[in-house]
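J.: Got a structure here, written out as C-alpha cells. Questions coming.
The values are calculated or read from the model by the stated rules, or taken from the named source; none is laboratory data. Please read these numbers as outputs of a predicted model, since none were measured by experiment. Positions of Cβ are generated from backbone atoms using ideal geometry, with glycine treated the same way; all protein chains shown enter the neighbour counts. Accessible surface is based on the protein model in full, side chains and every heavy atom, while ligands, DNA and RNA are left aside. Shrake-Rupley method; radii C 1.70, N 1.55, O 1.52, S 1.80 Å.
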Amino acid sequence: MEQVHFATPVRRWAETRRLDAWLTQPLGVFLAFTAFIVYSTWAAFQGDHYHFGPYLSPFYSPEIFGDSPHSLLGPRPGWWPNPVPFSPAFLILWAPVGFRLTCYYYRGAYYKAFWHDPPSCSVGEPRSSYRGENSFPLIVQNLHRYFLIFALALLVFLSLDVWNALWFEDPATGAVSFGIGVGTLVLATNVVLLGGYTMGCHSLRHLVGGGCDRIAGLPMRRPTYDCVSCLNRRHMLFAWMSLVWVGFSDIYVRLCAMGFVTDLRLL
Amino acid sequence: MSSATFRIWRGDSEGGEFRDYTTEVSEGMVVLDAVHQIQAEQANDLAVRWNCKAGKCGSCSAEVNGSPKLMCMTRLNSLPLDQPVTVEPMQAFPTVRDLVTDVSWNYEVKKAIKPFAPREPDAADGTWRMEQYDVERVQEFRKCIECFLCQDVCHVLRDHRLHSEFIGPRFFVYSAALEMHPLDTADRTTELADDHGVGYCNITKCCTKVCPEEITITDNAIIPLKERVVDKMYDPITKLLRMFRS
C-alpha cells in the first residue's frame, strides 16, 4: 500500500480537543474491572463459605474436588502438591476468566481502560509502537472460541445448581422437600444473565451461521443465527449485568454461609 | 441572534495554526453553515470541501471539538457555544489546505482489495437467484458514503500511522460486503490477515460510534472477518474439518 506523509504531529498521551467528559467511561471500566478482579481473587483463595444448604457459589461451580456436599469427585485429591494452596475455585475459575478475557467486548473495553490503547476515541496514546492483535502475545485472543465451549458447559452446570437449589433438606428429619428461597432466585438470575451473555458471543454467532454466506436455506441455522444476533446486539449490557450478578451471587452465598444473612424461604 | 467563536485550522501540508472567527449564529444552523458564513464574511480564502449539505456525500468530514464529524450534520445547538468551537481537518490524512485533506490513499487501498467474483449464473439467461435474507446481511455495508470518518478516528491510522499495513474500518466494511455476499466466490481471508492488517484492530468500536450512517462496523463487519481469519489461519480444528471435507 501507498505511504502517506503527514505535516501534523502525532498527539501526545491524553491530548485531545474533545470537550466532553471522555475520561469517565474508561475510568469507570477500570474501577469496575479492578474491583471485580480483587474481589474474585480474594473469594477464590478463601476455599471456604462457598456453599450454603442447596446453594453453591458460581465461582466454585462445578465443584470438581472439595469438601462440600456439592463435590463431584470427593475431597481435595492426594496428587495436589502440598505447598500449593488449594481451593475448588482454582480448578474451574480459569474457564470463565479466559472466556471474559478473550471476549470481543471486554477486549475493546480493557484495551482502553488499562492500556490506554487508546484511552478513548480520538484521544492521544502513551506509546508510539503498536502491534495490536496481529502478533504474540495478543494473537492468543483468537482462542476465544475454545473458551466458549467451556463457557457453554459451565452454563449446564450452573443450571443444575439452580435445580439443586430448589430442594431443601430439613436438618431435623433429613427429609428433602421442594422450595424456593431468595438464594434460588439469585442463582437462577445468574444463569439467565450468563446465558444472555454467553449466547450472544461473537464467536458463537460466527459458528452458528455468521461464517456462511448463505444461511436462508438452512432451516435450523437461520433462527439460531437470528437468536444469537439478537443477543449479540445487547452483548455489552449482558456482559456487565452478568459480571455484577455473578459477583453478587458469590457474596450472597458467602454471607449466608457465614451467618450474616438469613436466606428467606419464599415457598 | 447570538454570536459564537469558531477556532478554525488555517494551514497547509507544511503546517499552520488555529485562528478565531466570531460570527452570528441562529437556530437550526450546522457547523458547515457557520464555516460558510465565515468564508463569505471574514475569510474568503478558507478552503472547505462540501457538496450535498444533507449527510449523504461524505465530503465535509472534519473534526469538530476533537471528534470526527460531518460538518453538515453537526447542529450548533449540540455544541457548547460558550467556548470556541474547534474545527480542524481530519488527522489521519495529509492536509491539503485549511479543512481539506488528501484522502486519495483510500482510493488506492480500495484497488488492492480482491473484486467481486460471482459464481456461474443460476439460469440460462445469465441471472442469479438469491434469498432476500442472505442479501440483506450485506445491505447494511452498502450504506457507506465514504466520508472516511471511521478511518480518521481509528487509532491505528490516526495515532500509529500504519497506513502501509492496515486498510482501516472503511475497507473492512467493503471487504465484508464482498466476502459475505451470497454470490461471491473469492476468498480474501489470507489477504485480510497478511496484507490488510485485520489483526491490528483492537475492537475499540470508535469507528462504529462516528459512522453517520450508523453502520455497525465492528460487530457486523470487522469481528465476522476476524472470525473468518481465525477459521482459515489459526483454528486447528476448523483446519482439520476443512481438510476432511475437501
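J.: When all C-alpha to C-alpha distances in chain A are sorted into bins of 10 Å, what percent of pairs does each bin hold, rounded to whole numbers?
T.: Spelled out per bin, shortest first, that is 6, 23, 28, 23, 13, 5, 2, 0, 0.
J.: How large is ³J(HN,Hα) for each residue in the stretch A:48-57, as worked out from phi by the Karplus curve 6.51 cos²θ - 1.76 cosθ + 1.60 (θ = phi - 60°), to whole Hz, x for Gly and Pro?
T.: Computed from phi, the couplings for the stretch A:48-57 are 8, 6, 9, 9, 8, x, x, 8, 10, 4 Hz.
J.: With springs only between Cα atoms under 10 Å, which of B:Asn65, B:Asn51, B:Asn106 fluctuates most in a Gaussian network model of chain B?
T.: The residue with the greatest mean-square fluctuation here is B:Asn51.
J.: Let me ask something additional. Size of the dipole of the protein assembly as shown about the Cα centre, Lys and Arg at +1 and Asp and Glu at -1 on the beta carbon, nothing else charged, in debye to 20? Could you put the intermediate results ahead of the total?
T.: Numbers: 48 positive and 54 negative charges, 114 e Å.
It works out to roughly 540 debye.
J.: Counting only Cα atoms, I'd like the Rg/Rh figure for the stretch B:100-183, Kirkwood definition for Rh.
T.: On the way: Rg = 15.8 Å, Rh = 14.7 Å.
A ratio of 1.08.
J.: Let me ask another. Which whole number in µm²/s is D for the stretch B:104-245 by Stokes-Einstein, with the Kirkwood Rh taken over Cα pairs at 10 °C and 1.306 mPa s?
T.: Working: Rh = 16.1 Å.
After rounding, the answer is 99 µm²/s.
J.: If you don't mind, another one. Quick one: what does P(r) look like for the stretch B:2-101 with 10 Å bins over all Cα pairs, in whole %?
T.: Here the calculated profile for the stretch B:2-101 is 17, 55, 27, 1.
J.: Continuing with the same structure: With a 1.4 Å probe and every protein chain kept in, tell me what percent of the accessible surface of the protein assembly as shown is carbon plus sulfur. Walk me through the intermediate numbers first.
T.: On the way: 14510 of 23990 Å².
C and S fraction of accessible area: 60 percent.
J.: Another one. Name the long-range amide H neighbours of B:Val85: under 5 Å, sequence gap of 5 or more, or other chain; modelled H, no Pro or chain starts.
T.: Those qualifying (amide H under 5 Å, at least 5 residues apart or on another chain) are B:Thr5, B:Phe6, B:Arg7.
J.: While we're looking at this one, here's another question. If you plug each phi of the stretch A:193-205 into the Karplus form 6.51 cos²θ - 1.76 cosθ + 1.60 with θ = phi - 60°, what whole-Hz ³J(HN,Hα) values come out, in order, with x for Gly and Pro?
T.: 5, 5, x, x, 6, 5, 6, x, 4, 4, 5, 5, 4
J.: Loop only per DSSP, at most 13 neighbouring Cβ atoms within 10 Å: give me the chymotrypsin sites (Phe, Trp or Tyr not before Pro) in the stretch A:186-267, ordered by residue number.
T.: Numbers: sites: A:Tyr197, A:Tyr225, A:Phe238, A:Trp240, A:Trp245, A:Phe248, A:Tyr252, A:Phe260; in loops: A:Phe260.
Listed in order of number, the matching sites are A:Phe260.
J.: Taking only complete DSSP H runs, can you tell me which helices of chain B stretch 18 Å or more along their own long axis by Cα positions and average at least -1.0 on the Kyte-Doolittle scale?
T.: Numbers: long enough: none.
Counting only whole DSSP H runs, no helix qualifies.
J.: If the reach is capped at under 30 angstrom between alpha carbons, list the lysines near B:Lys114, excluding any in the same chain fewer than eight residues apart.
T.: List returned: B:Lys56, B:Lys69, B:Lys143, B:Lys205, B:Lys209, B:Lys226, B:Lys232, B:Lys239.
J.: Calculate for chain A the 222 nm mean residue ellipticity that helices alone would give, adding -39,500 (n - 2.57) per DSSP H run of length 4 or more and normalising by residue count, nearest 500 deg cm²/dmol.
T.: On the way: 8 runs with 118 residues, N = 267.
The helix-only estimate for chain A comes to -14500 deg cm²/dmol at 222 nm.
J.: With a 4.7 Å Cβ cut-off, tell me which Cys residues in chain B come up empty for a partner.
T.: Lone cysteines by the Cβ rule: B:Cys60, B:Cys72, B:Cys144, B:Cys147, B:Cys154, B:Cys201, B:Cys211.
J.: To one decimal place, what Kirkwood hydrodynamic radius in Å is obtained for the protein assembly as shown from all pairs of distinct Cα atoms? Don't jump to the answer; show the numbers that get you there.
T.: On the way: mean 1/r = 0.0385 Å⁻¹.
For the protein assembly as shown, inverting the mean 1/r across all distinct Cα pairs yields 26.0 Å.
J.: If one takes the longest principal axis of the Cα atoms in chain A, at what angle in degrees, from 0 to 90 and to the nearest 10, does the Cα axis of helix A:221-232 lie?
T.: Roughly 80 degrees between the two axes.
J.: With charges set only on the Cβ (+1 for Lys and Arg, -1 for Asp and Glu), what does the dipole of the stretch B:104-245 come to about its Cα centre, in debye to the nearest 20?
T.: Here the stretch B:104-245 has a charge dipole of around 280 debye.
J.: Hey, how many Å between the Cα centroid of the stretch A:69-120 and the Cα centroid of the stretch B:143-199?
T.: Computed from Cα coordinates, the inter-centre distance equals 33 Å.
J.: Determine, from the Cβ-Cβ distance of A:Asp226 and B:Met130 and an R0 of 25 Å, the FRET efficiency 1/(1 + (r/R0)^6), rounded to the nearest 0.05. Working shown, then result.
T.: Values: r = 18 Å, r/R0 = 0.72.
Efficiency, rounded to the nearest 0.05: 0.90.
J.: Then there is this: Using a Förster distance of 45 angstrom, determine the FRET efficiency expected from the C-beta separation of B:Phe244 and A:Ala32, and round it to 0.05. Show your work: numbers first, answer last.
T.: Details: r = 44 Å, r/R0 = 0.99.
Efficiency computed from Cβ-Cβ geometry: 0.50.
J.: Extension gain B:Ser13-B:Ile237, at 0.36 nm per residue separation less the Cα-Cα distance, in nm? Display every interim value, and only then the final one.
T.: Details: separation 224, 0.36 × 224 = 80.64 nm, distance 5.06 nm.
Extra length from B:Ser13 to B:Ile237 when fully extended: 75.6 nm.
J.: Across peptide A:136-143, how many C-beta atoms of other chains are within 10 Å of each residue C-beta, on average? Please list the in-between numbers first.
T.: Details: counts 0, 0, 2, 4, 1, 5, 8, 3.
For this peptide, the per-residue mean of nearby foreign Cβ atoms is 3.
J.: For the stretch A:182-267, evaluate the Debye formula with one uniform point scatterer on each Cα (no solvent term) and list log10 I(q)/I(0) at q = 0.20, 0.21 Å⁻¹, rounded to two decimals.
T.: The computed values of log10 I(q)/I(0) come out as -0.85, -0.90.
J.: Take chain B, mark every one of the GluC sites (Glu not before Pro) that falls in a DSSP loop and has at most 10 other Cβ within 10 Å, then report the longest stretch left between them, sites excluded.
T.: Details: sites that count: B:Glu14, B:Glu27, B:Glu214.
After excluding every exposed loop site, the longest remaining stretch is B:28-213.
J.: With θ set to phi - 60°, apply the Karplus curve 6.51 cos²θ - 1.76 cosθ + 1.60 along the stretch A:114-130 and write out the HN-Hα couplings as whole Hz, x wherever there is a Gly or Pro.
T.: 9, 9, 6, 10, x, x, 7, 5, 6, 10, x, 9, x, 10, 8, 7, 7
J.: Please work through chain A and write down the cysteines that have no neighbouring cysteine Cβ at a distance under 4.7 Å.
T.: Lone cysteines by the Cβ rule: A:Cys103, A:Cys201, A:Cys212, A:Cys227, A:Cys230, A:Cys256.
J.: Which whole number of Å³ per residue matches the convex hull of the alpha-carbon atoms in the stretch A:114-197?
T.: 165
J.: If you fit an axis through the alpha-carbon atoms of helix A:144-164 and take the longest principal axis of the Cα set of chain A, what angle between them do you get, 0 to 90°, nearest 10?
T.: 30
J.: I would also like to ask the following. If I histogram all Cα-Cα distances within chain B using bins 10 Å wide from 0, what percent of pairs lands in each bin?
T.: Spelled out bin by bin, chain B gives 7, 27, 29, 19, 11, 5, 1, 0 percent.
J.: In addition: Determine the calculated [θ] at 222 nm for chain B from helices alone, applying -39500 (n - 2.57) to every DSSP H run no shorter than 4 residues and normalising by the residue count; nearest 500 deg cm²/dmol. All intermediate terms of the calculation are to be shown ahead of the outcome.
T.: Working: 10 runs with 75 residues, N = 246.
After summing the helix terms and dividing by residue count, I get -8000 deg cm²/dmol.
J.: What is the angle, in °, between the Cα long axis of helix A:235-257 and the longest principal axis of the Cα atoms in chain A? Nearest 10 is fine, range 0 to 90.
T.: The angle comes out near 30 degrees.
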